[in-house]
1. Rounded to a whole number, what % of the accessible area of the chain do carbon and sulfur atoms account for, probe 1.4 Å?
2. Under a GNM of the chain (C-alpha, springs under 10 Å), which listed residue has the highest mean-square fluctuation: 106, 24, 128?
3. Residue-wise, which Karplus ³J(HN,Hα) couplings in Hz belong to region 16-32, taking 6.51 cos²θ - 1.76 cosθ + 1.60, θ = phi - 60°, and x for glycine or proline?
4. Among rounded, prolate and oblate, which fits the chain when a ≥ b ≥ c are the square roots of the eigenvalues of its C-alpha gyration tensor, a/c under 1.5 means rounded, and a/b larger than b/c means prolate?
5. Relative to the longest principal axis of the C-alpha atoms of the chain, give the angle of the C-alpha long axis of helix 78-90, reported between 0 and 90° and rounded to the nearest 10°.
6. Taking the Cβ-Cβ separation of residue 115 and residue 29 as r and a Förster radius of 35 Å, what is the calculated FRET efficiency to the nearest 0.05?
7. In terms of Cα to Cα distance under 29 Å, which lysines are near enough to residue 112, apart from those fewer than 8 places away along the same chain?
8. With every protein chain left in place, what is the accessible area of residue 42 in Å² (1.4 Å probe, nearest 10)?
Amino acid sequence: DGSATEHEPAPREPAGPCILVMDSLRSHDADKIAAYVRAFLRAAWADRSDEDVAGRFCEASMPRLLPNLPRQRNSFDCGVYVLKFFDLLYEQDPPTRAGPDDLDFSGRFGKKLFKRTDVKEARAGVASLFDEKRAEAGH
């Protein structure tokens with residue numbers, strides 16, 4: 001019936017929308033990124049809807065989250081990390097937070113999502129794909 005038992009915590013309502021900044025270098029201004037995303041969403045909403053945009057895409061209604069993710073140790077694997085993060089989001093249901101204090105999306109995100117060896121394998125896979133496409137094009 002969905003009610004909690006003495007051994008099971010009560011189910012919580014999922015938290016609302018958020019802006020998930022997945023920065024493997026931790027070198028970008030996450031607040032500035034979130035502000036740009038909110039500004040874009042406000043403009044897009046105003047362009048497509050007659051409803052008032054006030055309060056829809058503000059920090060209180062759409063907080064910025066910076067989950068604890070695997071970090072890059074160099075300046076050239078950004079694209080590989082983007083692909084790894086995309087795979088994690090694409091291969092599973094969209095992540096939901098159990099509540100406002102659930103910053104790791106119920107364990108979905110964490111520093112051990114993948115290892116450096118996974119990144120090396122992905123980099124080799126991307127290089128192999130480029131080599132294959134280059135050969136197909138006759139270069």
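1. The C+S portion of the solvent-accessible surface of the chain is 54 percent.
2. Of 106, 24, 128, the Gaussian network model singles out 128 as fluctuating most.
3. Karplus-based 3J(HN,Hα) across region 16-32 equals x, x, 8, 9, 9, 9, 9, 10, 6, 8, 6, 10, 9, 7, 4, 5, 5 Hz.
4. In terms of gyration-tensor shape, oblate.
5. Approximately 50 degrees, to the nearest 10.
6. E between residue 115 and residue 29, to the nearest 0.05, is 0.80.
7. Answer for residue 112, where 29 Å is the Cα cut-off: 32, 84, 120, listed by chain and number.
8. Accessible area, nearest 10 Å²: 90 Å².
The values are calculated or read from the model by the stated rules, or taken from the named source; none is laboratory data. Remember, predicted model here, so these are calculated numbers, not experimental data. Neighbour counts are summed over all protein chains in view; Cβ atoms, including those assigned to glycine, are modelled from backbone coordinates with ideal geometry. These accessible areas exclude ligands, DNA and RNA; they are computed on the full protein's heavy atoms, side chains included. Shrake-Rupley method; radii C 1.70, N 1.55, O 1.52, S 1.80 Å.
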